[in-house]
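S.K.: Before I ask anything, here is the structure I am working with.
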Amino acid sequence: MPDAVPGWFDHVRAPLALTDEAAATVLALNGEARRLFADAMPALPCALAVLVGEQAALLVAGMPRADPAAAPRTIEARVAGKVRTLGLALSRLEDGRHLLTIQDRMVEDEAAHRLVAMEDELHDIMETLPVGIEIYDGEQNCIFANSHGAATLGYAPEEVLSLDDWWAHGYPDPAYRAAAMAAWHSGVRATRADPGHVHMADWMVTCKDGSQKMIHFRLRALGDKLVLVYWDVSDHRQLVTGVSNRRRFLVEAEGVLVAARHARVPVSLLMIDLDFFKAINDRYGHAAGDLMLRDVADKCRRTLREQDLLARLGGEEFAALMPGTGESEACRIAETLCKFISASPLLIEGRPIRASVSIGLAVLDAREPRAHRAGGGAAAMGDATTSPAELSDLLRRADEALYAAKRGGRNRVARDGEVPSVA
């Protein structure tokens, strides 16, 4: 009896048994098969019946030898004292011996059951979250929608509409619907182009009963899927009546800079100005202008962190001081805010009014001596003090960057020292 084992035998990632010409005696097992039979490993060579049981051995004996493409046969066999479902396939080697491929279907079944259980658990989690969740496939067909999202807008779970049907129901006004659809498609393109990008927008959505709610949407691409998360911000929006004023900002900003010097971390400042605000006031009235300012303040709050200091400096100008934030992260936050505000118009008395902001960014590296900035003297690095001149210089540089953003075409972010270029 030939005793040579093929060189590839142990490299196959499936359990294999090398048998004699009658397929009755097991001559060798590869590594995967030895792991499968580890708890009851017989001395080799041994009868196939010892390895897989009499019934399985009889099944193998009756298998055709001339058809290498024959489908595996399935049988329940006792393996290592346990009843398992095995898939068995037999093929003949050139020297007359046979190769028995063994598939442990029980492992596959257990993995499938675990996957189903995981999917059920994930489904339950998404059902209990207090936000609306929808998942779309590559063709923008909705493949999942939780019941909370439907309930937010007054629908039952079985009434969830397709995306094509949804537009007319959620946005009955044609002009507002066109703006919402354009923003959706723009958001889809942006998230597909940059998987790390989260598209944010606020839209006034009409519920099933005809009432309206301000809904905050966040869209992100995960692989070829789109995940949409949304919640009602109507009450929150009504509560936003203003932010800190200039005087309070200047006092609190001094404390932020002192803490930053003590911790040796950078501080970034955003100067945020609502574009064409006078034209909005002149065309729609001061009440609409006030609503627009509240909307911008609301979006700033939801984009910034709790520890960031936000204030309205006067008119349509806001400032956001961000401790522990360097230039690259501050620029990312500013770009997100800029896109967030321009992504969706504000609906006032049934009229969609678009808004945008220009943002100037300046950074104070509190690790540098103050002599590097604002002529603050020769303070040593790490000096945990600050001066009004230092804050004044930071405000001046952020303000200059803001005007660079304005000269560059508005609805954009400019950094300190950046030369504006008109788009």
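S.K.: Classify the stretch 241-415 as rounded, prolate or oblate from the Cα gyration tensor: take a ≥ b ≥ c as the square roots of its eigenvalues, call it rounded if a/c is under 1.5, otherwise prolate when a/b beats b/c and oblate if not.
M.R.: Details: a/c = 2.31, a/b = 2.16, b/c = 1.07.
The shape class here is prolate.
S.K.: Can I ask one more? Which is farthest toward the positive dipole end of the stretch 241-415 among HIS262, CYS338, VAL251, measuring Cα position about the Cα centre, with Cβ charges +1 (Lys, Arg) and -1 (Asp, Glu)?
M.R.: Result: CYS338.
S.K.: Once you compute Rg and the Kirkwood Rh from C-alpha atoms, what is the Rg to Rh ratio for the stretch 129-237?
M.R.: Radius of gyration over Kirkwood radius for the stretch 129-237 works out to 0.93.
S.K.: Note down the magnitude of the dipole of the stretch 241-415 about its Cα centre, charges +1 on Lys and Arg C-beta and -1 on Asp and Glu C-beta and zero elsewhere, to the nearest 20 debye.
M.R.: Dipole about the Cα centre, nearest 20: 280 debye.
S.K.: Rounded to the nearest 5, what is the percent of antiparallel bridges among the DSSP beta bridges in the chain?
M.R.: Working: 71 of 75 bridges.
Given both bridge residues lie in the chain, the antiparallel proportion sits at roughly 95 percent.
S.K.: Just rank SER234, SER328, fewest to most, by other beta-carbon atoms within 10 angstrom. Show your work: numbers first, answer last.
M.R.: Working: SER234 15, SER328 10.
Least crowded to most crowded, the residues run SER328, SER234.
S.K.: Applying a 10 Å radius around every beta-carbon, put 244-256, 196-208 in order of their mean neighbour count, most first.
M.R.: 196-208, 244-256
S.K.: Let me ask you something else. Charges at C-beta only: +1 for Lys and Arg, -1 for Asp and Glu. How large is the resulting dipole of the chain about its Cα centre, in Debye rounded to 20?
M.R.: Using Cβ point charges on Lys, Arg, Asp and Glu, the chain gives about 1460 debye.
S.K.: At a 10 angstrom cut-off on C-beta neighbours, averaged per residue, how do the peptides 150-160, 47-57 rank from highest to lowest?
M.R.: Order by mean packing, descending: 47-57, 150-160.
S.K.: Hey, another quick one. Would you mind checking the radius of gyration and Dmax of the stretch 264-319 based on alpha-carbon positions, in Å?
M.R.: When restricted to Cα atoms, the stretch 264-319 yields Rg and Dmax of 13.1, 48 Å.
S.K.: May I pose another question? Listed highest first by mean packing, meaning other Cβ atoms within 10 Å per residue, what order do 307-316, 5-14, 212-221 come in?
M.R.: Top to bottom by mean Cβ count within 10 Å: 212-221, 307-316, 5-14.
S.K.: Along the positive direction of the dipole of the chain (beta-carbon charges: Lys, Arg +1; Asp, Glu -1; about the Cα centre), which of ALA355, GLY154, HIS169 reaches farthest?
M.R.: ALA355
S.K.: Say we join alpha carbon atoms closer than 10 Å with springs in a Gaussian network model of the chain; which of ARG294, ARG177, ARG35 then has the biggest fluctuation?
M.R.: Of the options given, ARG35 has the highest mean-square fluctuation.
S.K.: Okay, moving on. Show the residues, 5+ positions off or on another chain, whose built amide H is closer than 5 Å to the amide H of THR25.
M.R.: Amide H neighbours of THR25: ASP20, LEU48.
S.K.: Additional query: Among rounded, prolate and oblate, which fits the stretch 9-109 when a ≥ b ≥ c are the square roots of the eigenvalues of its C-alpha gyration tensor, a/c under 1.5 means rounded, and a/b larger than b/c means prolate?
M.R.: Judged from the Cα gyration tensor, the stretch 9-109 comes out rounded (a/c under 1.5).
S.K.: List ILE353, ILE125 from most exposed to least, where exposure is judged by having the fewest other Cβ atoms within 10 Å.
M.R.: Fewest-to-most Cβ neighbours within 10 Å comes out as ILE125, ILE353.
S.K.: Computed from the coordinates I sent, percent of Cα pairs over 41 Å apart equals one of [x] 12; [y] 46; [z] 42. Tell me the label.
M.R.: Matching entry in [x] 12; [y] 46; [z] 42: [y].
S.K.: Sticking with this one: For the stretch 156-308, build the convex hull from the C-alpha positions and give me its volume per residue in Å³.
M.R.: On the way: hull volume 26.9 nm³, N = 153.
Dividing the Cα hull volume of the stretch 156-308 by its residues yields 176 Å³.
S.K.: Using helices alone, what [θ] at 222 nm do you get for the chain, with -39,500 (n - 2.57) per DSSP H run of 4 or more residues, divided over all residues and rounded to the nearest 500?
M.R.: My calculation for the chain gives -12000 deg cm²/dmol from helical runs alone.
S.K.: Take the Cβ-Cβ distance between GLU329 and ASP20 as r, set R0 to 51 Å, and report the resulting FRET efficiency rounded to the nearest 0.05.
M.R.: Calculated value: 0.15.
S.K.: Kindly state, to the nearest 0.05, the FRET efficiency for SER162 paired with THR101, given R0 = 41 Å and r defined as their beta-carbon distance.
M.R.: 0.35
S.K.: What pairs in LYS225/LYS278; LYS278/LYS339; LYS225/LYS406; LYS278/LYS299; LYS208/LYS299; LYS225/LYS299 have C-alpha atoms more than 30 Å from each other?
M.R.: Among LYS225/LYS278; LYS278/LYS339; LYS225/LYS406; LYS278/LYS299; LYS208/LYS299; LYS225/LYS299, the Cα-Cα distance tops 30 Å for LYS225/LYS278; LYS225/LYS406.
S.K.: Place a +1 charge on the Cβ of each Lys and Arg in the stretch 129-237 and a -1 charge on the Cβ of each Asp and Glu, then give the dipole magnitude about the Cα centre in debye, rounded to the nearest 20.
M.R.: So the dipole magnitude of the stretch 129-237 works out to roughly 360 debye.
S.K.: Just subtract the alpha-carbon distance of VAL251 and LEU122 from 0.36 nm times their residue separation and send over the number in nm, one decimal.
M.R.: Separation in residues times 0.36 nm, less the Cα-Cα distance, equals 41.7 nm.
S.K.: Considering Cα pairs under 8 angstrom that are at least six residues apart, work out the relative contact order of the chain and quote it in whole percent.
M.R.: Details: 764 pairs, mean separation 43.8, N = 423.
Answer for the chain is 10 percent.
S.K.: In sequence order, what are the phi-derived ³J(HN,Hα) couplings for the stretch 281-296 according to the Karplus relation 6.51 cos²θ - 1.76 cosθ + 1.60 with θ = phi - 60°, rounded to whole Hz, with x for glycine and proline?
M.R.: My calculation for the stretch 281-296 gives 4, 5, 7, 10, x, 5, 5, 5, x, 5, 4, 5, 4, 5, 5, 5 Hz in order.
S.K.: Further question: Given points 7 Å out from each Cα along the Cα-Cβ axis, report the LYS82 to ASP224 separation in nanometres with one decimal.
M.R.: 3.5
Coordinate-derived values only; no laboratory data. All of these numbers come straight from a predicted model, not from anything done at the bench. Reconstructed Cβ throughout: ideal geometry from the backbone, glycine too, with neighbour counts over all protein chains shown.
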